[in-house]
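Colleague: I have a structure here, written as structure tokens, and I will follow up with some questions on it.
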Amino acid sequence: MLGEEHSLTNDFPEHINTINTLNKSDTDFAEKAEHYNKLDKEIRILELDGAPISDEQMHQLKHDRSELKDWLYQRLISCLLYTSDAADDMQCV
């Protein structure tokens, strides 16, 4: 759908605690998550404005967002594999 929000917390609500923990403890994750969320917002705005860029440019933006999302999701999953059940004590490898 056009203009649909794909923020990490929106797409992965079951991982909100892990996302928050990684944003605080993993600078690489935090930087990529920030870039992902900015890119997602840019895409939403462009879609709602009738995509005033070429189809190729829009495809590239969506591709970049997808690549980032894949990296972030893999980091989330790897963190979950190495953590205890207590979110406050999360220590990712």
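Colleague: Just by accessible area at a 1.4 angstrom probe, what is the order of 29, 12 from largest to smallest?
Modeller: Values: 29 0, 12 25 Å².
Accessible-area ranking of 29, 12, largest first: 12, 29.
Colleague: Give me the 1.4 Å probe accessible area per residue for the stretch 3-65, excluding ligands and nucleic acids, in Å².
Modeller: That works out to 62 Å² for each residue.
Colleague: Can you work out ³J(HN,Hα) from phi for every residue in the stretch 52-67, in order, using Karplus 6.51 cos²θ - 1.76 cosθ + 1.60 and θ = phi - 60°, giving whole Hz and x for Gly and Pro?
Modeller: x, 10, 5, 4, 5, 5, 5, 4, 5, 4, 5, 5, 4, 4, 5, 4
Colleague: Taking all protein chains as present, what is the carbon and sulfur share of the accessible area of the stretch 1-76, in % to the nearest whole number, probe 1.4 Å? Mind dumping the intermediate values first?
Modeller: Numbers: 2330 of 4860 Å².
So the carbon and sulfur contribution to the accessible surface is 48 percent.
Colleague: Show 26, 64 ordered by accessible area, largest first, where the area counts protein heavy atoms only and the probe is 1.4 Å.
Modeller: Result of the area sort, largest leading: 64, 26.
The values are calculated or read from the model by the stated rules, or taken from the named source; none is laboratory data. The shown structure was predicted, so the numbers you read here are calculated from the model rather than taken from an experiment. To get the accessible areas, we keep the full protein, side chains included, count just its heavy atoms, and leave off ligands, DNA and RNA. Shrake-Rupley method; radii C 1.70, N 1.55, O 1.52, S 1.80 Å.
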